[in-house]
């Protein structure tokens with residue numbers, strides 16, 4: 001497989017950032033720049049397969065996505081001092097890599113996702129909305145937004161999704177995400193994370209106080225079983241996109257943990 005698309009900035013201990021479903025490395029750029037310039041970290045932001053500017057593939061499993069990231073670790077010759085952080089789907093990729101290759105990391109950060117199985121039905125409206133955008137007919141982003149709005153009422157969510165829309169050289173519109181494959185492989189995105197042995201290094205789970213992606217049951221049982229040296233920090237007034245809603249708190253939490 002080709003190498004994942006990435007952005008490498010700053011110097012110091014490596015921090016690798018993995019975005020969530022339908023996201024790109026751009027979602028983390030404001031914070032990534034600050035961790036590189038203000039926290040003295042080397043920050044590598046990554047586009048996962050079938051997302052952003054990375055390659056498209058008919059396969060979209062956590063085992064393959066974790067291997068893609070491991071290949072990037074090898075390419076960049078990242079040290080064992082690396083902190084790996086992932087949000088949502090990216091968090092499950094990060095957990096998979098940490099459980100399979102604990103020797104490659106110093107610490108792990110998982111943002112608003114638990115290891116358990118996730119029912120992906122809540123993505124149905126988003127997929128319907130993305131499919132409703134007639135790429136051959138639209139002439140501007142406003143028309144795409146209007147089509148998407150029939151299914152996705154939240155403006156912030158639509159703006160996030162429309163970051164995937166771009167103009168080709170011939171001026172026609174296209175998606176950067178591999179929409180058909182992601183729709184077909186959606187059940188695999190909800191898969192439970194398991195491991196032959198727990199990850200014994202420091203792990204930080206960050207949850208949004210208004211989000212149900214990490215439950216009390218997860219904190220009591222699911223997370224400690226696989227990540228016994230973990231802590232769960234709650235950002236009280238935030239939903240699933242914690243980093244977008246409370247960037248200052250996330251900046252400080254990640255900086256302190258990555259430098260610990």
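The values are calculated or read from the model by the stated rules, or taken from the named source; none is laboratory data. Fair warning: this is a prediction, and the values are worked out from it, not measured in the lab. Because the Cβ atoms are built from the backbone with ideal geometry, glycine has one as well, and the counts that use them run over all protein chains shown.
Taking the range 1-19 as the region of interest, how many residues are out of contact with any strand residue (DSSP E or B) (no Cβ under 7 Å at 6 or more places or on another chain) and modelled with pLDDT of 95 or more?
2
Restricting the range 20-47 to residues that are touching a strand residue (DSSP E or B) at 6+ places or on another chain (Cβ under 6 Å) and assigned to a loop (DSSP other than H, G, I, E, B), the residue that is farthest from residue 92 (Cα to Cα) is 41.
For the range 155-191, a tally of residues being surrounded by 12 or more Cβ atoms within 10 Å (Cβ to Cβ) and either under 16 Å from the mean Cα position of the chain (by Cα) or closer than 18 Å to residue 124 by Cβ (or both) returns 22. Elements of the type helices (runs of 4 or more DSSP H) sitting completely within the range 173-257 and holding at least 3 residues that are modelled with pLDDT of 95 or more and farther than 30 Å from residue 56 by Cα: these cover 223-226. Taken over the range 30-49, the criterion of being within 13 Å of the chain's Cα centre (by Cα) and more than 14 Å from residue 85 (Cα to Cα) is satisfied by 49 alone. Note on the range 93-115: residues that are closer than 22 Å to residue 242 by Cα and part of a loop (DSSP other than H, G, I, E, B) total 4. The test for being crowded, with 17+ Cβ neighbours inside 10 Å and closer than 15 Å to residue 110 by Cα does not hold for residue 215.
In the range 91-125, of all residues being more than 20 Å from residue 46 (Cβ to Cβ) and in contact with a helix residue (DSSP H, G or I) (Cβ under 7 Å, 6 or more places away or on another chain), the one that is surrounded by the fewest Cβ atoms within 10 Å (Cβ to Cβ) corresponds to 120. Checked across the range 85-93, the condition of being over 27 Å from residue 236 (Cα atoms), at pLDDT 95 or above and not assigned by TED's automatic domain parsing to the domain that holds residue 179 holds for no residue.
Going by the conditions given, is residue 80 over 27 Å from residue 187 (Cβ atoms), free of Cβ contacts under 8 Å to residues at least 60 places away in the same chain, in contact with a helix residue (DSSP H, G or I) (Cβ under 9 Å, 6 or more places away or on another chain) and surrounded by fewer than 21 Cβ atoms within 10 Å (Cβ to Cβ)?
So residue 80 fits the description; yes.
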